[in-house]
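The values are calculated or read from the model by the stated rules, or taken from the named source; none is laboratory data. Everything numeric here is computed off the predicted structure, so don't read it as measured data. Please note: Cβ atoms are built from the backbone with ideal geometry, for glycine as well, and neighbour counts cover all protein chains shown.
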Amino acid sequence: MSMSWIKKSLFLLIGWALPLTVILIAFELIFGTWLRNDPWTAAESLNIIRNRTILYDVKDLGYQDKAVVYTRDRFGLRGSCQDLTSAKIVTVGGSTTDERYISEGQTWQDVLQEKIRSKLHSDSFCIANAGVDGHSTFGHIQSFRYWFPLIDGLKPDYYLLYVGLNDAGFRFEQNRSYDSRDDTSMSGGFKESIRRNSAIYRLVKLGQSQLETRKTAYAGHNKVVKSRELYKSNRTTDGVEELIQENTKRFEDRLRIILHQIEDRGAKVICVSQPNTLAWDFGDGPRGIESAFEYKGKKYNGLDFRASILSINRSMETLCKKSGGYYIDLASEPFAIDDFYDFTHMTPDAEKKVAEYLFRNLVSLGLVQ
């Protein structure tokens, strides 16, 4: 290979690279948010999906239906509220509130909404679903800060907090794969700046979203056949009590922030405990699965999780009632182990039970008359 050919190739490469670089920079400056502030940029970094309908393949979850339809509106909400000023309840939580693999019209929010409409003899009442897959109370705090203020007309009477599962596994700090970013991480880091400001990055993500929307996406959860043999732990892990106390204290601190945010928005709170099957009583006392979650490389069993979430639930009841809100102990309702297709997520038929139990409690509390 001659030196003249190498020089010519380098000259051509530079000749193409320079104008292409100028074009890309101009594209970023015009369509990116490097020089302007787009409020939705911060909101979308909270793992919120907007303006999308996805068909999910759920044949491996044991449903009667083999696919479900999942829709988020332009504000990132699920549900049938066309006029958000009529949204009387906004549900806040993680994946069991988001319900990624439950079809439109079958979520517990949708079923509950129809029950309340029938009771009130009114079709105007609606429930807006603001659940985000993976969010813990870290994420909920950021939702109130960055997301909800952007939703025009959203001024519900109640925020229903369906929380606890994602905090009970010793969530001493936010999970950067799922939770929203805190102020520090949102303002620093080259990768985070690209994610927040780059038009090319958003274009690539949009292309990926369109490909996913046009095909049937695979459901990321798995069905678990739960038998007594799976529940081998009959005692909590040594030393877990101190971790539970510290985890509960930090949960309380975050919950207080959320309760203040709800009060500032002129609403009241309805706190709801979450059922799960990480521990189960088969008639001879509670037993737990051997590995319910990990913390600092150590595995903790289902009874550890049970003790942790019970501690969280007690604090939630106290704080929510103290703030002038309400508490519904859904976790104490008589669910069956097969109501869950895995350890924490429910089948469409079980969603009807959730709606029925919540409706009964809301009527009992005088919130639906």
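Take the residues in the stretch 108-138 that are of a type in the set (Ser, Thr, Tyr) and surrounded by fewer than 24 Cβ atoms within 10 Å (Cβ to Cβ), then tell me which one is farthest from Gln261 (Cα to Cα).
If we filter the stretch 108-138 for residues that are of a type in the set (Ser, Thr, Tyr), which is where we start, we get 118, 122, 124, 136-137.
Filter once more, keeping what is surrounded by fewer than 24 Cβ atoms within 10 Å (Cβ to Cβ): 118, 122, 124.
Details: Ser118: 31, Ser122: 30, Ser124: 26 Å.
Here the residue is Ser118.
Here Val69 clears all of (1) in contact with an Asp or Glu (Cβ under 7 Å, 6 or more places away or on another chain); (2) buried (at least 24 other Cβ atoms within 10 Å of the Cβ) except the condition numbered (2).
What do you reckon, is Tyr146 modelled with pLDDT under 95, under 23 Å from Glu263 (Cβ atoms) and within 18 Å of the chain's Cα centre (by Cα)? Spell out how you get there, then give the answer.
Working: modelled with pLDDT under 95: yes; under 23 Å from Glu263 (Cβ atoms): yes; within 18 Å of the chain's Cα centre (by Cα): yes.
So Tyr146 passes the test.
Taking the listed residues Ile141, Ile116, the one that is touching a helix residue (DSSP H, G or I) at 6+ places or on another chain (Cβ under 6 Å) and at pLDDT 95 or above is Ile141, with no other qualifying. The single condition among (1) part of a helix (DSSP H, G or I); (2) aliphatic (A, V, I, L, M); (3) at pLDDT 75 or above; (4) farther than 21 Å from Phe340 by Cα that Leu46 does not satisfy is (1). From the list Phe335, Phe340, Phe305, Phe282, the lone residue that is among the aromatic types (Phe, Trp, Tyr), touching a helix residue (DSSP H, G or I) at 6+ places or on another chain (Cβ under 8 Å) and surrounded by fewer than 17 Cβ atoms within 10 Å (Cβ to Cβ) is Phe282.
Would you tally the residues in the stretch 82-110 being more than 19 Å from the chain's Cα centre (by Cα) and not small (Gly, Ala, Ser)? The total comes to 5.
Looking only at residues in the stretch 53-62 that are loosely packed, with under 15 Cβ neighbours inside 10 Å and touching a Ser or Thr at 6+ places or on another chain (Cβ under 8 Å), which one is modelled with the lowest pLDDT? Working first, answer last.
Applying the first criterion (loosely packed, with under 15 Cβ neighbours inside 10 Å) to the stretch 53-62 yields 53, 59-60, 62.
Still in the list and also touching a Ser or Thr at 6+ places or on another chain (Cβ under 8 Å): 53, 62.
On the way: Thr53: 94, Gly62: 86.
Filtering first and then ranking leaves Gly62.
With respect to Ile258, determine if the residue is touching a residue at least 60 places away in the same chain (Cβ under 8 Å), buried (at least 20 other Cβ atoms within 10 Å of the Cβ) and within 30 Å of Asp152 (Cβ to Cβ). Answer is yes for this residue. Identify, please: which residue in the stretch 232-265 is under 22 Å from the mean Cα position of the chain (by Cα) and aliphatic (A, V, I, L, M) and is, among those, nearest to Ala87 (Cα to Cα)? Filtering the stretch 232-265 for residues that are under 22 Å from the mean Cα position of the chain (by Cα) and aliphatic (A, V, I, L, M), the one nearest to Ala87 (Cα to Cα) comes out as Ile262. Residues satisfying the criterion are present in the stretch 90-98 (criterion: out of contact with any Gly (no Cβ under 8 Å at 6 or more places or on another chain) and in contact (Cβ under 8 Å) with a residue 40 or more places away in the chain). Go through Ser311, Ser323, Ser315, Ser332 for me and flag whichever is in contact with a strand residue (DSSP E or B) (Cβ under 9 Å, 6 or more places away or on another chain) and modelled with pLDDT of 95 or more. Criteria check complete, one pass: Ser323.
Taking Lys268, is it within 30 Å of Thr85 (Cα to Cα), in the same structural domain as Ala168 (by TED's automatic domain parsing) and of a type in the set (D, E, K, R)? Give the derivation first.
Working: within 30 Å of Thr85 (Cα to Cα): yes; in the same structural domain as Ala168 (by TED's automatic domain parsing): yes; of a type in the set (D, E, K, R): yes.
Yes: the conditions hold for Lys268.
Out of the residues in the stretch 331-369 meeting the condition of being of a type in the set (Asp, Glu) and assigned to a loop (DSSP other than H, G, I, E, B), tell me which one is farthest from Ile127 (Cα to Cα). Across the stretch 331-369, the extreme among qualifying residues is Asp342. The conditions of being in contact (Cβ under 8 Å) with a residue 60 or more places away in the chain, on the phi < 0 side of the Ramachandran plot and more than 17 Å from the chain's Cα centre (by Cα) are not met by Leu77. Restricting to the stretch 49-69, what's the tally of residues that are part of a loop (DSSP other than H, G, I, E, B) and either more than 22 Å from Phe343 (Cα to Cα) or of a type outside the set (S, T, N, Q) (or both)? Of the residues in that region, 8 qualify.
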